[in-house]
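Following: one structure in structure tokens, then a few remarks.
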Amino acid sequence: MAENSESLKPTKGDVYLVLALAAASVVFAILYNTTSYWPFKGPLWLICLMSVVVTLPLIWRRRFPSQMAWIQTTIFVTAQVLEVMEPGVTQIIIFMGVYAVGAWQSNRKAAFISRLLLCVGIFIYLIVSTALQFKEMGDMTVLQFAAASGVSFLINIAFFGGAWLFGNRAWKQRRLLEELRSANEEVRSQERQLTSQALDLERVRIARELHDGIAHHITGVGIHAAAARRSLEKNPDKARESLKTIESSTRETVEELRALVYTLRDTDDANTAEGNTKGNPSLGDVPELIDVASRSGQQIEVHTIGQPRPLTPITEMSVYRVIQESLTNCRRYAGSHAEVDVRLRYGTANLEIEISDSRALGAHHDEPHPETEAPTKQSGLGLGIIGMRERMSALGGSLEAGPKSRGGWLVRAQIPYPRNVADAEEPAPKTKEPAPDTSTMIPTAKAEQ
């Protein structure tokens, strides 16, 4: 488990703990010395100094647990041999040193070996000191001395065994806590990432709606404004008709902006894809779209092949946007009087949308119509086909766009039906279909317009 260096640094709590233990050990040393309860062989100041010195390493017990435990044990055993060590509180201090090795040593093999050697060293010291005491106690029988020594050994075994077990338990708890913190941080990171992705997707969706809807109307307004300006003196009726179309397009633009703002402000509906389509166009609005485009001079033929199937609102909106964007591109690049063919083909498993125009082979622009601005002046953002592909991909469909081999531009999109519609509906009887556009697309790596 990787340790955080900041968490291993000594804290104020460590300093307060060391001061409290050192003060308690000094008080016990003074009491032992005053009452002659423990036979010391050194001056009181040295006994008190040893009590403080053996306590100080606890400040760094987390950062250097094994080293501090060995320093404490060495000081303790040396002072015990010299009989200048207070025997009460200092045992608690040694217990904490052994405990710290188990709780804070990141190398578990090193922690095991270090504690094992510490315990072996202390028990060797106990055996030697016990043997020396036996020689000095001539009035004690062997049985009495063995009993006293056995009690001492059992107490030390319980003492150091407890430090060992509690240290291991603390290590496991710390490791579990670190894993929980890491998992929590990962969850928070993923939550931030998902939030960021959701915001990015929402920005893309808004940009797509603005491009597909508002840009279409603004393009139409520009074309009709140019036509009205050119026809104002020679053909006032034509100019008046263009101005009416501008008024209608402006009204539709405002309505779409209101629908978009409604979607952004309505948090209940914005949480679902279906809710995001509220107030947006559907297939029922395609005839009006064709009518507006026709008034700008485009010659549009619409063919519906097969039996129409029920579609979800978001699917209908996506189909509408593909047709709308394609008509806008045809008007912008092929000229406002280009011939456009729109086909909705209801197959057995998916809906195919095909929009093609009649621009010249190898050319992106035709000659401008006398009553409109030149198409080259209608600059685009280059996001139309990208947005259409994103819409189709989001619905499990696909979109191809590129120049046709015999001239013109072709957009072909396919959207699968909803599963319940595809399963429930039987293939409809074939209707007479206009001759299909057999032109193939010229391969191009940059078929964007």
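The table below gives the values:
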read-out	value
Gain in span if fully extended, I127 to S196, counting 0.36 nm per residue against the direct Cα distance	18.1 nm
Burial order of peptide ranges 91-100, 32-41, 184-193 (average beta-carbon count within 10 Å, highest first)	91-100, 32-41, 184-193
Inverse of mean 1/r across different Cα pairs in region 301-356, Kirkwood, Å	12.1 Å
Inter-site label distance for A170 and V52 at 7 Å from Cα along Cβ, in nm	2.5 nm
Distance (nanometres) between label positions extended 7 Å along Cα→Cβ at S36 and K109	5.6 nm
Taking R343, R181 and counting other C-beta atoms within 10 Å, the order from fewest to most	R181, R343
Amide hydrogen neighbours beyond the local backbone of L351, cut-off 5 Å, H modeled	I415, Y417
Radius of gyration, Dmax [region 60-124; alpha carbons; angstrom]	11.7, 35
Sorted by Cβ neighbour density within 10 Å, fewest at the top, the residues D200, D357	D200, D357
Sorted peptide list for 300-313, 392-405, 49-62, criterion being average Cβ within 10 angstrom, highest first	49-62, 392-405, 300-313
Approximate spin-label separation A158-R63, in nm, with each point projected 7 Å along Cα-to-Cβ	3.7 nm
For region 5-136: relative contact order, % (alpha-carbon pairs under 8 angstrom, 6 or more apart)	26 percent
Cα Rg over Rh - region 43-166, Kirkwood	1.01
Burial ordering of R412, R174, fewest other beta-carbon atoms within 10 Å first	R174, R412
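Only the coordinates and a few stated rules stand behind these numbers; no lab work does. No experiment lies behind these values; they were computed from the predicted model shown. Cβ sites come from the backbone with ideal geometry, for glycine too, and all protein chains shown count toward neighbours.
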